[in-house]
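These notes concern the structure reproduced below.
What follows draws every value from the coordinates through simple rules; no lab data is involved. Here the structure is a predicted model, which is why all the values come from computation and not from measurement. Using ideal geometry, Cβ is built from the backbone for each residue, glycine included, and neighbour counts are taken over all protein chains shown.
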């Protein structure tokens, strides 16, 4: 949609001259929700339900005040939205990579997770043809027989899938993974640019010890076009939000939510947590009021710290709600878009596994954001002209290498090596065809050497890379991601993240690989135990007496 | 039992073009400039040359494939010619091919020529390029300074050095090479610099600054080789300079993928150096080598090579550097011609340029930078990155030395 055309104020997203959205009334959810009379607190170990939820929020959080500072001259009305920060994906993150991170968090939360199905929901899938869920599944190392699907085109797609998975109480023990991620790019100076956030969320449905169980769900389809984005277009075009509120949310959403409550035989007053993404001002409040849901039950949309995650927002808000909900509490989730989905769950007494996202790092350069999103074409010099054509034959031949960070572990000598090869790299072994596949994706590592290179082209200078050593063996020359310029040091603890390696802009392709990022949890833990850290650093010093001897004997 | 080529091959003549940003010269012009000097030095007709080895690294950037460009540029009379490439060690590879052919008795007189026309890219530094379709899927597209900067971080950590101290030693390396380059009329960079200039320069790849990096140059260098007997016969009045060793070591992925390497040394330099010393009968490099031209693509590379080649004890390189051991007036002058740092680095030519300096020094033709007496000199030529590379070491000296 176009904004900033004098005399033609568009309401959806227009911000010039007047506060379109004076404040977004997002509320912190209440912790002291009265428990419903029919609580079932004691869960068996093999009940069907929601086993885990998660949110992944990229590290960078763009200060909205900095966005406003750039737009104030033509869109002073954005002031009302310019509070806090919004999450922005780094240059090497997209919906696929963020979904991978959400999936990995779920697997860390449920180590025995054996996902038989993966559904990936996003309206910003990087590939129109090529199964995006397939990229995610390969990075997660899902079994080849897992059933995968991409769902898209609506911000409610993920909730449709989640409700459907929860509704099908299948008896088999395998799990279903629903991941949603979004990296929406709004036109500069639009309200959406302020409101949107980048990130992912996910949920696991299956048998086990659920954190919540299905109570009821309802769905309505309605081709009410509040906004749209045609294939190939970058930005949304939207209609007046007062109409969207009155005809959309207050009729279609309210109707769907009522049907859901009716199916459960529940009263709106029983709802402890009401999670409804509402990027428009106070709509969730109005919907709650009309339904009869207590205003204190409104779940925070994390506007001031993250922003609206689009297709990932219903699952993200569900995660917020479940972490706050007391055992037995009823959690009502809604998602609006070309209709509405509603899902009613009951919280169990099983603790929510995994952690909530951290506060990330403040980003104050709006220009950096514009560049990361390709909305401004900066002078990158001739080094950026390199042709990054991918040989698809080679990519498939070595698929697991890049997708799953698959190296080899020699069965004869135990040496872990990357890439995996026919001959063992250990000169004392030289075993042939002795290497079993092993993934380094979840193995902790440390910096052996590093640099911050200002000559190489990268969308985020300097280009930081170095040799890293994996715990238990394995050495790889790798790029670093989400690293500050002065943060790298020899021995720094690292973990791996799945990222875009290169863009091939000539052909519209992108290739992915793993990068190393500081393991800030491990670093903080080590900082809390200074003595232990000192020992770890001492053992890390890469001294090898055998090699040291060569320097003297080699001289003779 | 084979034991190298010590004193089996003599250098009959050498030539080296002026190195630098030779905007007005193509690769043909550079080759001919070096060749004319060598041919005059050898005092033979071109028809005496029976075979040639042609070194060029980034052929897609300049001459294209095959040894044809050499044959054309020099109008060689349809003799055998072979193009060789081993990254930045290409020049020594050309020398090795030619020398081994003479040592084998296959030819009497051969040519080794290396050339690189780099300054046609439109930007500074080495050209960016693919690492191969399979490697591009995962390997960082590292620049040379970024790759060699790794050495500095690992070396400092290994020896518990503050980066400030290491940078001071690195600065000394560059100041020394600029001082030497200033005395070399063929050098690319002839300005003198101070330690302060080095430390205050812009960072290229931390901790390497601008003055820690060598020049990217156009140039060519060549050698005409023969047997010592023929050399004496053809030039009875001249000192016969022979090759004592040309040895090569190539990484097999161990440094890159096995956890034994400390990241702070060049494993192949140790291997190639040890073999060359064995071949040349050298047991005390610091005492028996009179000068060295090493692959100082970056200041830190030169520093760690002092240990890898046995000139400094482990961990002592920066002390020796700061004590001036490798200065032109030191106990073991390193890069008396300015090195890659200041003579310049036209990739395919560099290995031969190193030999050229030893050859000139032995003959007492090094002008203002002439050393006292050089009986034996060492060249070390490195292609690739510290963790994955080719190292070539040659030892050249007076016949019988």
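If I take R0 = 22 Å and measure r between the Cβ atoms of residue A:127 and residue A:375 in this structure, what FRET efficiency does the formula 1/(1 + (r/R0)^6) give, to the nearest 0.05? That gives a FRET efficiency of 0.60. Remark: mean inter-chain Cβ contacts per residue of A:462-475 equal 5, using a 10 Å Cβ-Cβ cutoff to other protein chain atoms. With contacts taken as Cα pairs under 8 Å and at least 6 residues apart, chain A reaches a relative contact order of 17 percent. Peptides A:307-319, B:144-156, B:163-175, A:243-255, ordered by how many other C-beta atoms sit within 10 Å of their residues on average, highest first, read A:307-319, B:144-156, B:163-175, A:243-255. Based on DSSP H segments of at least four residues, each scored -39500 (n - 2.57), chain B has a per-residue ellipticity at 222 nm of -10500 deg cm²/dmol.
Assuming a ≥ b ≥ c are the square roots of the Cα gyration tensor eigenvalues, decide whether segment B:232-384 counts as rounded (a/c under 1.5), prolate (otherwise, with a/b larger than b/c) or oblate. Taking the square roots of the gyration eigenvalues as a ≥ b ≥ c, segment B:232-384 is prolate. With the cut-off at under 18 Å, measuring from each backbone N in segment B:222-236 to a point 7 Å along the Cα-to-Cβ line of residue B:108 picks out B:224-236. The alpha carbon convex hull volume per residue for the protein assembly as shown rounds to 175 Å³. Compactness of chain A, taken as the C-alpha radius of gyration over 2.2 N^0.38 Å, stands at 1.03. Seen against the Cα atoms of chain A and their longest principal axis, helix A:313-324 is set at about 90 degrees.
Residue order for B:222, A:410, fewest other beta carbons within 10 angstrom first, comes to A:410, B:222.
With a cut-off of 19 Å on the backbone N, the residues of segment B:255-283 near the modelled label site 7 Å out from residue A:428 along Cα-Cβ are B:255-263.
Normalised by 2.2 N^0.38 Å, where N counts its residues, the alpha-carbon radius of gyration of segment A:243-368 equals 1.10. Shape analysis of segment A:47-372 places it in the oblate category; the axes a ≥ b ≥ c from the Cα gyration tensor give an a/c of at least 1.5, with a/b not above b/c. Of the peptides A:189-202, B:230-243, A:334-347, the order by per-residue mean of other Cβ atoms within 10 Å, starting with the highest, comes out as A:189-202, A:334-347, B:230-243. Using a/c under 1.5 as the rounded threshold, could you call segment B:81-205 rounded, prolate or oblate? The axes a ≥ b ≥ c are square roots of the C-alpha gyration tensor eigenvalues, and prolate needs a/b larger than b/c, oblate otherwise. It is prolate, given that a/c is not under 1.5 and a/b is the larger ratio. Across segment A:261-323, C-alpha contacts under 8 Å between residues 6 or more apart give a mean separation that, scaled by the residue count, equals a relative contact order of 35 percent. Angle check, please: helix A:95-109 long axis (alpha carbons) against the longest principal axis of chain A (alpha carbons), in degrees 0 to 90, nearest 10. Around 80 degrees separate the two axes. Our summary gives segment B:174-218 a relative contact order of 30 percent, counting only alpha carbon pairs under 8 angstrom and 6 or more residues apart. Taking the DSSP beta bridges with both ends in the protein assembly as shown, the antiparallel portion is around 75 percent. Residues A:379, B:254 in ascending order of nearby Cβ atoms (within 10 Å, fewest first): A:379, B:254. Using the average count of surrounding beta-carbon atoms within 10 Å as a protection proxy, the listed peptides A:463-474, B:258-269 rank, highest first, as B:258-269, A:463-474. Peptide B:243-254 is shielded by partner chain Cβ atoms: per residue, an average of 1 of them sit within 10 Å of its Cβ. A Förster radius of 35 Å, combined with the Cβ-Cβ distance separating residue A:267 from residue A:153, puts the computed FRET efficiency at roughly 0.55.
Using R0 = 30 Å, the C-beta based FRET efficiency linking residue B:237 and residue B:368 works out to 0.75.
Per residue of chain A, the DSSP helices (runs of n ≥ 4 H) give a summed -39500 (n - 2.57) that works out to -6500 deg cm²/dmol at 222 nm. Report, to the nearest 10°, how far helix A:254-264 tilts away from the longest principal axis of the Cα atoms in chain A, using its own Cα long axis and a range of 0 to 90°. In chain A, helix A:254-264 runs at an angle near 80 degrees to the longest axis.
With a 10 Å cut-off around each Cβ of B:306-313, the average count of Cβ atoms from other chains is 3. Pair-distance distribution P(r) for segment B:25-144, from all Cα-Cα distances in 10 Å bins starting at 0: 13, 40, 29, 13, 4, 0 percent.
Multiplying the residue separation of residue B:48 and residue B:131 by 0.36 nm and removing their Cα-Cα distance gives an extension gain of 25.9 nm. Spin-label model, residue B:313 to residue A:356: label points 7 Å out along the Cα-to-beta-carbon direction sit 6.0 nm apart.
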